[in-house]
Amino acid sequence: MAILMVSVCAGTSCHLLGNQAIVDVLENMPPSLQKQVKFGYTSCLADCGEGPCVTIGDKVLKHASPERVLDMIKEELAAKK
């Protein structure tokens, strides 16, 4: 089973724009997703006006919301199968 890497920008701008809601969702994903996703933080992705930013695999998601992050994770995992 391939592991999908997900990194949430921990920069000040992304924090102020709501990255904590994304972190909360990632920490509370269903167990079936938790087994397939490795989640962590990254330093500033230099898109401060478009945050919060999240990398999912090799893609950067700007203006991320918890729902969009989960949807993209599911899409990326489906594409790996």
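The values are calculated or read from the model by the stated rules, or taken from the named source; none is laboratory data. Everything numeric in this text was worked out from a predicted model, so none of it was measured. The accessibility values were calculated without ligands, DNA or RNA, using every heavy atom of the protein model including side chains. Shrake-Rupley method; radii C 1.70, N 1.55, O 1.52, S 1.80 Å.
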Summing -39500 (n - 2.57) over the DSSP H runs of n ≥ 4 in the chain and dividing by its residue number, what mean residue ellipticity at 222 nm do you reach, to the nearest 500 deg cm²/dmol? -11000 deg cm²/dmol
Solvent-accessible heavy-atom area per residue, rounded to whole Å², over the chain at 1.4 Å: 58 Å²
SASA check, His63, accessible area w/ 1.4 Å probe, all protein chains in place, rounded to nearest 10 Å², comes out at 100 Å²
Phi-derived 3J(HN,Hα) across the stretch 37-54 with the Karplus relation (6.51, -1.76, 1.60, θ = phi - 60°), rounded Hz, x for Gly and Pro, is 10, 10, 10, x, 10, 10, 6, 3, 9, 6, 10, 4, x, 10, x, x, 10, 9
Cα extents of the chain along the three principal axes, largest first, in whole Å? 34, 22, 18
Whichever lysines have a C-alpha closer than 16 Å to that of Lys35, once near sequence neighbours (fewer than 8 apart) are set aside: Lys74, Lys80, Lys81
Order Cys44, Cys9, most accessible first, counting only protein heavy atoms with a 1.4 angstrom probe. Cys44, Cys9
